[in-house]
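Asker: Dropping a structure here in structure tokens format, bear with me for questions.
Derivation of every value follows stated rules applied to the coordinates shown; laboratory data play no part. Remember, it's a predicted structure, so these values are computed and weren't measured experimentally. Because the Cβ atoms are built from the backbone with ideal geometry, glycine has one as well, and the counts that use them run over all protein chains shown.
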Amino acid sequence: MKQQAFAKNKPDATFATLSKEGDYTRLAVNPGIINKHYTPQQFATIATVIGEQGAIKYSASYALLLTVPTACVEAAIQALEAVGLMVVKSGPIVAMRACDFCDGEKMEAALATQLIYESVADTQVPRRVALNVNGCASACYNPTYDDIGLVYQHNSFDIYLGAVPMGKDAQPGELFAKKVPVALVPSVVQAILTNYNKYARASEAFHRFYKRTKHEDFWR
Ligand code: SF4
């Protein structure tokens, strides 16, 4: 078993290697914001749409990255969505993720999470923002290491801002607001994003923007 751990360190095909030979597009897919389980039918569809030459990679972004021939992208998206997969939008938007709510056993904050998603997901921002909602104080999907982290407890959310998510200076976000009632959270997150859109420099990362402006009046 141990031998398998390093048996194939270099993949046969990657987005980079395939793109040297042809025109490929990368799609990020997952089974939804909360659900982390794929079905056999979804995996079979993934295998079909990438074809014999394509590549599948698992990533740190809660999604599988599929390398598909660009000529087939539209048909691939239709086939993936038809089996219940979500194709994640790329670019400078609010990209939302969440914990798995204990595989559906602890769904207290699920409706609130959906309302937050409907309120702010895919909003255009200066640079891609990761918004991570976790359903209890265990916070096991590390929301405090995303740009905006929301941790549910007793009909309210604690809101963390300004994490440096990666690199040698990585650090968790600061507690920005404690025990914000569930009903207010979508508007508070919208206000945070409005500040970011209004006062950030061009392409300024959210954590840099927050660090630079956190003492300004508009945060109050
Ligand atoms: S953060 Fe809480 S609700 Fe979410 S998966 Fe972890 S233990 Fe379950």
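Asker: What are the residues in the stretch 87-101 that are within 16 Å of the ligand (Cβ to nearest atom) and either in contact with a helix residue (DSSP H, G or I) (Cβ under 9 Å, 6 or more places away or on another chain) or closer than 26 Å to Y196 by Cα (or both), if any? Even if it seems obvious, please write down each step before you answer.
Answerer: Taking the stretch 87-101 first, the residues within 16 Å of the ligand (Cβ to nearest atom) are 96-101.
Matches in the stretch 87-101: M96, R97, A98, C99, F101.
Asker: Within the set of pairs 6 or more residues apart or between chains, which connect a residue that is touching a residue at least 40 places away in the same chain (Cβ under 8 Å) inside the stretch 137-150 to a residue that is surrounded by fewer than 21 Cβ atoms within 10 Å (Cβ to Cβ) and assigned to a strand (DSSP E or B) with Cβ atoms less than 7 Å apart?
Answerer: Going by the 7 Å Cβ cut-off, the qualifying pairs are D146/A130; D147/A130.
Asker: Now a separate question. Scanning for something more than 15 Å from the ligand (Cβ to nearest atom) and closer than 30 Å to E21 by Cβ, does the stretch 127-134 turn up at least one residue?
Answerer: yes
Asker: Does A55 satisfy being closer than 29 Å to D100 by Cα, hydrophobic (A, V, I, L, M, F, W, C), crowded, with 17+ Cβ neighbours inside 10 Å and touching a residue at least 12 places away in the same chain (Cβ under 8 Å)? Spell out how you get there, then give the answer.
Answerer: On the way: closer than 29 Å to D100 by Cα: yes; hydrophobic (A, V, I, L, M, F, W, C): yes; crowded, with 17+ Cβ neighbours inside 10 Å: yes; touching a residue at least 12 places away in the same chain (Cβ under 8 Å): yes.
So A55 passes the test.
Asker: Quick one: is D103 assigned to a helix (DSSP H, G or I) and in contact with a Lys or Arg (Cβ under 8 Å, 6 or more places away or on another chain)?
Answerer: Numbers: assigned to a helix (DSSP H, G or I): yes; in contact with a Lys or Arg (Cβ under 8 Å, 6 or more places away or on another chain): yes.
Considered against the rule, which asks whether it is assigned to a helix (DSSP H, G or I) and in contact with a Lys or Arg (Cβ under 8 Å, 6 or more places away or on another chain), D103 comes out as yes.
Asker: Cβ contacts < 8 Å: first residue at negative phi, restricted to the stretch 82-108; second residue part of a strand (DSSP E or B) and aromatic (F, W, Y), any location; separation 6+ or different chain. Result?
Answerer: Filtered contacts from the stretch 82-108: E108/Y152.
Asker: Continuing with the same structure: What's the total number of residues in the stretch 123-172 that are surrounded by fewer than 22 Cβ atoms within 10 Å (Cβ to Cβ), under 16 Å from P92 (Cα atoms) and not β-branched (V, I, T)?
Answerer: Final tally of qualifying residues: 5.
Asker: If you scan the stretch 102-121, which residues turn out to be closer than 17 Å to I192 by Cα and either away from the ligand (no atom under 16 Å from the Cβ) or loosely packed, with under 14 Cβ neighbours inside 10 Å (or both)?
Answerer: Of everything in the stretch 102-121, those that are closer than 17 Å to I192 by Cα and either away from the ligand (no atom under 16 Å from the Cβ) or loosely packed, with under 14 Cβ neighbours inside 10 Å (or both) turn out to be L115, E118, S119, V120, A121.
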